[in-house]
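Following: one structure in structure tokens, then a few remarks.
The values are calculated or read from the model by the stated rules, or taken from the named source; none is laboratory data. This is a predicted model, so every value here is computed, not measured. Here Cβ is always computed from backbone atoms with ideal geometry, including for glycine, and neighbour counts include all displayed protein chains. When the accessible area is computed, the model is the full protein with side chains, heavy atoms only, and any ligands, DNA or RNA have been set aside. Shrake-Rupley method; radii C 1.70, N 1.55, O 1.52, S 1.80 Å.
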Amino acid sequence: MRIIKKYGKDILYKELKKSYNFFIKEANTDKKSKGYGLIKDKTILADNIASIASVGYGLAALVIGVEHNCIKYKEAYDRVNRTLENFINNVEGKNGFYYHFVNMQTGKREWNCEVSIIDTAIFICGAITAGEYFGKEVKNKANILYKRINWEWYKNKENNLFYMGYKPEKGFWGQWNGYAEQLIMYILGVSSPTYPIDKSMYYEFNRKKKDYKDIKDIIYTYCGTLFTYQYSHAWIDFRNLTDINGINWFENSVKATKANREYCIDNKSKFKTYGENSWGLTSCLSPKGYIGPGAEPCDTNLEIENDGTISPCGAIGSIVFTPKESIKAIEYYYNTFRKLWGKYGFKDGFNLEGEKSWFAKEYIGIDKGIGMLMIENYLNETIWKYFMKNEYVIKGLEMLEFTDTKSEDLKLNKV
């Protein structure tokens, strides 16, 4: 039986609700468990493993759920409150940062993973959003967790850059030396009342530029995958914000997204999965496992990285940047590929190359999360509205000398 053909907002609301259900149904809600509030990283491949970022998106999901009458305010408040309490008392980490992956039942480290700065940042963004929305105990606990984060500890003092990762067995490694998904780390880090970083860190990372066809001066990410242009934008409303170098990161993501789509159109003769309405190269599951496909401009070898796999979350997570193009892609996926749709909406990826088409059976928390938040921001600006109310977010943007092109005072954005 074919899916009934649907258009535009009908599909957006269906995807929003089903993505929300992922974060509700794949969470540990056993009030006696030390893993209360933890949310699965993946539905199948990591059945008992939570990701910290998935929890961050899940906290925002509860805000969205109340707004759309999917859950009662009191029930959502209780779930958020208990989750933050568990992070304060039990979930394993170091210096305010948390391990990337933890056990769903115990809250303890899994897979010998790293203490992750970016995943902690996504988690705390969800906590801050929930704190602004629910107030009271929730806001107090979100502040406790935020103030615990020792941003200075994660800084390489020799080059004034954040390290990429940390494991107790090997120490720190790598560095955030170029533009990617990490903008939120500087905004929250510089305004920390306990462990602030110097604002110079924001101006330290490289801002390499390239053109793609007639799309000029894209500040591009190393891998060229779309999530790197999306994650900080799910929380920060950059639309009218410009830094002292004249950079508007929202406009930059618009350009990078359009380039990603153009790249797919230009390479549709190479990969039959690609096309005008089938684009959005971003990290996802593929027939050969989890991969990081990208588009020009980038510094990676796309001949190696790309195998023709597309993830719906690439275009969905870009809906605030390219609404018309994203909605056309969403309509195409929904109305064309029955196997791409399931109990939590769009699955993680598909690939039409080879003798037999491949469709993922899996849902991944961070991919459902970025799509859910961006759809909600596109429809109602809910996450932007509450996150941008936070005093530390406002202070961080002011300290980094962002100016609002519609208002000279960022405080005027405060609702």
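For Asn21, the stated conditions do not hold, so it cannot be described as within 26 Å of Leu285 (Cβ to Cβ) and in contact with a Leu (Cβ under 8 Å, 6 or more places away or on another chain). Taking strands (runs of 3 or more DSSP E) as the structural unit, those lying wholly within region 151-235 and holding at least 1 residues that are closer than 30 Å to Leu59 by Cβ and of a type in the set (D, E, K, R) correspond to 165-167. Applying the criterion of at least 3 residues that are crowded, with 24+ Cβ neighbours inside 10 Å to the helices (runs of 4 or more DSSP H) found wholly in region 259-375 leaves 312-316, 323-336. The residue that is least open to solvent (accessible area, probe 1.4 Å), counting only those in region 45-73 that are modelled with pLDDT of 95 or more and either among the charged types (D, E, K, R) or part of a loop (DSSP other than H, G, I, E, B) (or both), is Ile71. The residues of region 311-349 that are of a type in the set (D, E, K, R), in contact with an Asp or Glu (Cβ under 8 Å, 6 or more places away or on another chain) and under 22 Å from Glu181 (Cβ atoms) amount to a single one, Asp348.
Restricting attention to region 167-205, the residues being of a type outside the set (Phe, Trp, Tyr), more than 19 Å from the chain's Cα centre (by Cα) and more than 19 Å from Tyr146 (Cβ to Cβ) number 10.
Candidates in region 382-406 are the residues that are closer than 22 Å to Asn245 by Cα and among the charged types (D, E, K, R); of these, the one that is least open to solvent (accessible area, probe 1.4 Å) is Asp404. Please count how many residues of region 121-163 are surrounded by 24 or more Cβ atoms within 10 Å (Cβ to Cβ) and among the polar types (S, T, N, Q). Total meeting the criteria: 1.
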